[in-house]
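Each reported figure results from applying straightforward, stated rules to the coordinates on display, with no laboratory input. Computed from a predicted model, the values in this text were never measured in an experiment. Virtual Cβ from ideal backbone geometry, glycine too; neighbours counted across all protein chains shown.
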Amino acid sequence: MPTISVFFGIIVRRYCGQREHEPPHVHVYYQGYTAVIDIEKAEITKGDFPSKQTKLALAWVELRKEDLLADWELAKAGELPFKIDPLK
């Protein structure tokens, strides 16, 4: 599962190929916490994440939605997604 971005200790990853399923989403990790974020809705659909990191991750998804959806199409086709700029 390639890492597509890292910021403020949050790691964002995505599965590629057959493992991907709708809706478009990313997997986020932070100090033992894991969650899945729906890209189109910018909300956590599975898992648990600390409040501050949830706000950061959701803001990042909102800001990078276009890039994330383009990455989603690459991943569904079995191609490696490109890196996406972190929050700064």
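The slack between VAL6 and LEU69, meaning 0.36 nm per residue of separation minus the straight C-alpha distance, is 20.9 nm. Across q = 0.18 Å⁻¹, the chain modelled as identical point scatterers on its alpha-carbon atoms has Debye log10 I(q)/I(0) values of -0.68, in the order of the q list. Working note: Karplus 6.51/-1.76/1.60 with θ = phi - 60° gives segment 33-45 the couplings 8, 9, 7, 10, 10, 6, 5, 5, 8, 6, 8, 6, 10 Hz, where Gly and Pro are set to x. Take every Cα pair under 8 Å whose residues are at least 6 apart in sequence, average their separation, divide by the length of the chain, and the relative contact order is 32 percent. Under 5 Å between amide hydrogens, built in the peptide plane, is the criterion, and for HIS25 it picks out ILE39 among residues at least 5 positions away or on other chains.
In order along segment 63-75, the Karplus-derived 3J(HN,Hα) couplings, from 6.51 cos²θ - 1.76 cosθ + 1.60 at θ = phi - 60°, round to 5, 10, 3, 4, 5, 5, 5, 5, 4, 4, 5, 4, 4 Hz, and Gly and Pro are given as x. Only Lys, Arg, Asp and Glu carry charge here, each on its Cβ (+1 for the first two, -1 for the last two); on that basis the chain has a dipole of about 340 debye about its Cα centre. A simple spin-label model places pseudo-atoms 7 Å from Cα toward Cβ; at GLU62 and THR34 they are separated by 2.7 nm.
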